[in-house]
Amino acid sequence: MPPKKKTKKTTKKNPEKSDNDLETKYRRSVLDVAVLQDRIALQCESVIKVQSDRIDLRTRMRDMEQKLQQERQDHRDINSALSCQYKTMQTELTNKVKRLEKEVNQLNGELALCQEELRKEKREREKMEQDKDATIADLLHKLDNMETQYENVLHDTLDSLSSQLSVARQRWEDKSTALHQNYKGLLSEFGLNALDI
């Protein structure tokens, strides 16, 4: 009877380690994408706030202009009704108009600053999106390269294992043939025919 074959369990440390590295890199990539998405969300909120402020400023400016027009109308009504208070009211309204015009100019300046800031935010957001797209493309390229490398390592390992198994099989077959020949010779020395047994 041939000796029992001992099966040797081979542990594959490299693929598990590689899987862990790949999983770690993937998690890191997911975290990077989440951070970039959070930044984009913050930028979007900032842009929305600036737009809301701009709308509020325009509304205030329109309200002020309407108020100015209303006061001018009041001035005309008062002028026709009360000619003796005309000069006093005219002076007050002129001062008020100057103050309102100064405020309108100031609001226009603030509006121009807000519009410039909005353009700047848009440029930064576009640049951030381009950077994000470039980062994602780079990560995808790296992921493809890693996948190809892992496939090559796996194929090389399987080829090596197949060749080792083939060599071990050939060795066992040679030993088995030698043992059969040896036992056959021993049986024939004792006068026994191996085919009869």
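Residues of region 71-84 that are open to solvent by 100 Å² or more (accessible area, probe 1.4 Å) and within 24 Å of residue 106 (Cβ to Cβ): 72 alone. Reported count of residues in region 40-66, each being touching a residue at least 12 places away in the same chain (Cβ under 8 Å) and either among the polar types (S, T, N, Q) or surrounded by 13 or more Cβ atoms within 10 Å (Cβ to Cβ) (or both), is 12.
Suppose we filter 111, 154 for residues that are over 30 Å from residue 29 (Cα atoms), touching a residue at least 40 places away in the same chain (Cβ under 8 Å) and in contact with a helix residue (DSSP H, G or I) (Cβ under 8 Å, 6 or more places away or on another chain); which single one remains?
Working: 154 fails: over 30 Å from residue 29 (Cα atoms).
Just a single option satisfies the conditions, and that option is 111.
Taken over region 85-134, residues that are more than 36 Å from the chain's Cα centre (by Cα) and surrounded by 10 or more Cβ atoms within 10 Å (Cβ to Cβ) amount to 24. Scanning region 24-39 for residues that are farther than 20 Å from residue 126 by Cα and either open to solvent by 80 Å² or more (accessible area, probe 1.4 Å) or in contact with a helix residue (DSSP H, G or I) (Cβ under 6 Å, 6 or more places away or on another chain) (or both) returns 25, 26, 27, 28, 29, 31.
If I filter region 154-175 for residues that are farther than 30 Å from residue 37 by Cβ, open to solvent by less than 70 Å² (accessible area, probe 1.4 Å) and hydrophobic (A, V, I, L, M, F, W, C), do I get at least one hit? So far as region 154-175 goes, yes, one or more of its residues are farther than 30 Å from residue 37 by Cβ, open to solvent by less than 70 Å² (accessible area, probe 1.4 Å) and hydrophobic (A, V, I, L, M, F, W, C).
The values are calculated or read from the model by the stated rules, or taken from the named source; none is laboratory data. Just so we're clear, the structure is a prediction, and the values are computed from it rather than from any experiment. All Cβ positions, glycine included, derive from the backbone under ideal geometry; neighbour counts span all protein chains shown. What goes into the accessible areas is simple: the full protein's heavy atoms, side chains included, and nothing from ligands, DNA or RNA. Shrake-Rupley method; radii C 1.70, N 1.55, O 1.52, S 1.80 Å.
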